[in-house]
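Below is one structure, written out as structure tokens; comments come after it.
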Amino acid sequence: MGRLKNQVALVTGGSRGIGAATAQIFAAEGARVVITHRDSADEATAVVEALPGDGHRVIQASAVDSDALARAAASVAETEGRLDVLVNNAARSRPIPHGDFDALDDEFFDAIMQTNVRGVFATVRAFRSLLAYDGGGVVVNVSSLAARMAEGSNIAYSASKAALDNMTVSLARALAPEIRVVSVAPGLVLTKFTSTWAPEVRQRQIDRTPLGRLATPEDIGRAILAVATDLTATTGAVVPVDGGRQLG
Ligand SMILES: NC(=O)c1ccc[n+]([C@@H]2O[C@H](COP(=O)([O-])OP(=O)(O)OC[C@H]3O[C@@H](n4cnc5c(N)ncnc54)[C@H](OP(=O)(O)O)[C@@H]3O)[C@@H](O)[C@H]2O)c1
């Protein structure tokens, strides 16, 4: 415990699900945690109020609003004065059968790419000088097994996470040696994101997962913590957290 004492972590999309669990795990390790959200202010406030320790706060900043991200970085520079861990967790999706081409319209395709790909780049661009300060930091991009299996909630989502994993490699190269960049790739996790999935779809995933269960948001948060604290010689890599689902 206390491995992140005196450190600051920022979790995008921290108002529920994997982001909220990650905020909780980082705070329990002694970090001051800043979470961002797009429009779920009440949920975000409740998450921060429940965190152990002091100095946590919420910033409203959509991943698709680069000006808001720049303001958020200025605010962290002024208030916390440092950033050690940036968790790019915010993402958009909804289930659309891969064969239903008309349901995946251009507007939603673009919204997914703007949030899940450009949003991560824009967030790193905004926070990179803070991360490079005082011994360097780490960026953890929350990807998905969908990047590798192309089986995600819709075709654009899978493609966005494949693009994200590719960008993790570019960013790792561009930001070394000060900043490590790693993707953490969950399989199916039970959150609001997947709560609308039919029970038989979830059961099919469990049946095809060697460890015989879906990951929890806390499993993913602990993997993100491990990347930040223990995998100190790892950058430009994708760490699967999928119960072995990709083994088939
Ligand atoms: N759940 C799974 O099975 C699963 C599997 C693999 C990968 N993942 C990945 O894990 C991450 C978290 O997933 P989750 O299931 O915890 O999602 P979730 O429950 O839907 O939460 C998504 C979070 O992202 C925020 N968000 C969405 N768009 C945003 C934007 N433009 N700017 C800032 N925040 C934004 C949401 O806040 P607002 O409501 O305020 O927008 C919310 O806090 C995502 O990257 C997802 O792709 C999830």
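What follows is calculated from the coordinates using simple rules that are stated; it is not laboratory data. All values derive from a computational prediction rather than experimental measurement. Every residue, glycine as well, gets a Cβ built from its backbone with ideal geometry; the counts of neighbours run over all protein chains shown.
Here are the numbers for the structure shown:
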{"quantity": "Lone qualifier among VAL76, VAL34, VAL47 - being in a helix (DSSP H, G or I), free of Cβ contacts under 8 Å to residues at least 60 places away in the same chain, more than 8 Å from the ligand (Cβ to nearest atom) and under 22 Å from ILE224 (Cα atoms)", "calculated": "VAL47"}
{"quantity": "Residue satisfying condition, being assigned to a loop (DSSP other than H, G, I, E, B), loosely packed, with under 13 Cβ neighbours inside 10 Å, on the phi < 0 side of the Ramachandran plot and acidic (Asp, Glu), within set ASP102, ASP67", "calculated": "ASP102"}
{"quantity": "Selection from the range 159-213 of residues that are part of a helix (DSSP H, G or I), within 14 Å of the ligand (Cβ to nearest atom) and among the hydrophobic types (A, V, I, L, M, F, W, C)", "calculated": "ALA159, ALA162, ALA163, LEU164, MET167, PHE193, VAL201, ILE206"}
{"quantity": "Residue satisfying all of: in the range 50-64; within 26 Å of ARG3 (Cα to Cα) and not in a strand (DSSP E or B); farthest from the ligand (Cβ to nearest atom) among these", "calculated": "ASP54"}
{"quantity": "Pick from the range 137-146, criterion within 14 Å of the ligand (Cβ to nearest atom) and among the β-branched types (Val, Ile, Thr), ranking: nearest to the chain's Cα centre (by Cα)", "calculated": "VAL142"}
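Matching residues to (1) touching a residue at least 60 places away in the same chain (Cβ under 8 Å); (2) away from the ligand (no atom under 14 Å from the Cβ):
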| residue | (1), (2) |
| --- | --- |
| ALA90 | yes, no |
| ILE112 | no, no |
| VAL117 | no, no |
| SER129 | no, yes |
| GLY135 | no, yes |
| ARG148 | yes, no |
| TYR157 | yes, no |
